[in-house]
Amino acid sequence: MFTNFALIHVQVLLGGLIWTVVLSLISFVFGGLIGFALALAGVSKVRWVSRTIATYVALIQGSPVLIIMFVIYFGLPILGVEVGSLTAAGIALVLFSSAYLGTIWRASLQSVPKTQWEGADCLALTYAQRMGLVILPQAIRIATPPTVGFMVQIVKNTSLASVIGVVDVTYVGKQVNAATFQPFTTYLVIAVLYFCLCYPLSVLSRRFERAYSVSHR
Amino acid sequence: MKRRDFVVLGLGLALSGALVAPASADVLADIKARGVLKVAIDLGNPPYAMMDAAFKPTGSEVETAELLAKDLGVKIELISVPTSGRIQFIVSGKADIALSTLSITAERLKVVDFSIPYSETSIVVAAPKSAPIKTYADLAGKSVAVTRGTVNDTRLTESTANVAGVQIVRFEDDPTASAAVTSGQFANYATSRPLLQALIKANPKVDLEEKFVAQAYPIGVAIRKGETALTQAINQWIRTNLDNGKLVAIYEKFQNAKLDPKRLQEMDPPR
């Protein structure tokens, strides 16, 4: 009745890895878009805007992703809204990553020296010109290491979705483990698969930093 | 704390309070109209429910659920859930029924309804062969692995409440708890007898044997509270299939033990 760890198990784990990648991409793309808007609004001079953003960030950062997932997955149906496990996990991870990326990027914008902002103003640049030509290129260099660090966190945090039934690589891993009773092999393979996702991100980060560090060449 | 911080705190508390009771409907009619029976099942619990060599669901609970769906004249959708989430999936309406080695207990009956028993499980405590363990009291000063939200957990927690120095370590699901035991992290394991036998069969080298049987429990189908039509239909189905021997045959095919329908009736707790 019980089987040894075999090729089929690697295949089903790779099948699970697809959902890990999909969830990570959803978090990167949508979390990044919302996070970018949050960062721009966060440096706004209008008080209520930056305060609203700060409240949103505080609420999301103050609750574990797992609990946000539970609230969306088990809470919304009680209010009459149907959500699938992938949707619930996706929304939770997007909320989570938008709050953190928003903070990382706001801090990066603010750490561009004030003289640069003033210089852009003196040259009578428009908002778009000031941000696009002066501030963002400098902020991106500052933001790259923490952003990539956080992206690697997201890839690993997608494993939480297994608890609400998203069939990601961790979830499949548990079933493989239950079928084979070979935890060491199973989890070692899973660790290798996660590493294969995360390592290229770190490499890319270093390239990116080099490309943007104009003043340090 | 600044005033703004209080506002944030207040918002958080308000959100946590925004919960209302679910609307109830006739789930049996929904199942028929939809043509699909949604079953919450933990597929990491051999030999009740697990993946076979081709990584397809198999086990006595899987076959029972398939037979139920077939007799209702609908297709089956297995919603794979973690051990600790079986009841939640029923309460939140994610699944129509949970058919996943759920022992019928007084605590669970407060949250969900149960069908009459269709199967049974014995919970046991396992430990290394040389360990002199005969009762829960002998676990003094030891650490024990268990799966959260199971009757093993409830019984172990109650029975060792006055035993000195017992460290109970709760895992989220059976595969993780089993992995902790087979990898040697834990010498003592409170689990079900069939799962322990499967584990020992797959890992003959592990120094583990059954020390004592704590209790036998009747297993029922969990259904959301108030779904009388569905509960009655399932009860009738269980009676029929215990009488014609189909459920007994499924149990004996996977469990390597006898199932006595009369004993099941005696084990069923008062509702």
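The values are calculated or read from the model by the stated rules, or taken from the named source; none is laboratory data. These numbers were taken from a predicted model, which means no experiment stands behind them. Note that we place each Cβ from the backbone using ideal geometry, even for glycine, and neighbour counts take in every protein chain shown.
Below, the figures for the structure above:
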{"quantity": "Residues that are more than 13 Å from every other protein chain (Cβ to nearest Cβ) and more than 20 Å from the chain's Cα centre (by Cα), drawn from the stretch B:35-85", "calculated": "B:Gly35, B:Val36, B:Lys70, B:Asp71, B:Leu72, B:Gly73, B:Val74, B:Lys75"}
{"quantity": "Matching residues, the stretch A:172-191, being surrounded by fewer than 23 Cβ atoms within 10 Å (Cβ to Cβ) and at pLDDT 90 or above", "calculated": "A:Thr185, A:Tyr187, A:Leu188, A:Val189, A:Ile190, A:Ala191"}
{"quantity": "Subset tally (residues that are among the basic types (Lys, Arg), within 16 Å of B:Leu139 (Cβ to Cβ) and free of Cβ contacts under 8 Å to residues at least 60 places away in the same chain) for the stretch B:169-215", "calculated": "1"}
{"quantity": "Filtered residue count, the stretch A:10-31, keeping only those that are within 14 Å of chain B (Cβ to nearest Cβ) and in contact (Cβ under 8 Å) with a residue 12 or more places away in the chain", "calculated": "7"}
{"quantity": "Residue that is nearest to the other protein chains (Cβ to nearest Cβ) [pool: residues in the stretch A:165-217 that are over 30 Å from B:Ile90 (Cβ atoms) and polar (S, T, N, Q)]", "calculated": "A:Gln182"}
{"quantity": "Matching option when the condition is within 13 Å of chain B (Cβ to nearest Cβ) and surrounded by fewer than 17 Cβ atoms within 10 Å (Cβ to Cβ), among A:Gly80, A:Gly75, A:Gly119", "calculated": "A:Gly80"}
{"quantity": "Odd one out for B:Gly93, checked against (1) in contact (Cβ under 8 Å) with a residue 60 or more places away in the chain; (2) within 14 Å of chain A (Cβ to nearest Cβ); (3) within 23 Å of A:Gln175 (Cβ to Cβ); (4) small (Gly, Ala, Ser)", "calculated": "(3)"}
{"quantity": "Residue tally, condition in a loop (DSSP other than H, G, I, E, B) and touching a Lys or Arg at 6+ places or on another chain (Cβ under 9 Å), over the stretch B:176-195", "calculated": "1"}
{"quantity": "Test: residue in the stretch B:204-222 that is crowded, with 22+ Cβ neighbours inside 10 Å and in a helix (DSSP H, G or I)", "calculated": "no"}
{"quantity": "Boolean, A:Thr87 is among the β-branched types (Val, Ile, Thr), assigned to a helix (DSSP H, G or I) and more than 22 Å from A:Leu40 (Cα to Cα)", "calculated": "yes"}
{"quantity": "Enumeration of residues in the stretch A:14-39 that are more than 17 Å from the chain's Cα centre (by Cα) and surrounded by fewer than 17 Cβ atoms within 10 Å (Cβ to Cβ)", "calculated": "A:Leu14, A:Gly15"}
{"quantity": "Whichever residue in the stretch B:181-194 is within 10 Å of chain A (Cβ to nearest Cβ) and surrounded by 18 or more Cβ atoms within 10 Å (Cβ to Cβ) and, among such residues, is nearest to the chain's Cα centre (by Cα)", "calculated": "B:Val181"}
{"quantity": "Residue in the stretch A:143-159 that is touching a Gly at 6+ places or on another chain (Cβ under 8 Å), closer than 28 Å to A:Ile68 by Cα and either surrounded by fewer than 22 Cβ atoms within 10 Å (Cβ to Cβ) or β-branched (Val, Ile, Thr) (or both) present", "calculated": "yes"}
{"quantity": "Criterion violated by A:Gly32 - all others in (1) at pLDDT below 95; (2) closer than 17 Å to A:Ala107 by Cα satisfied", "calculated": "(1)"}
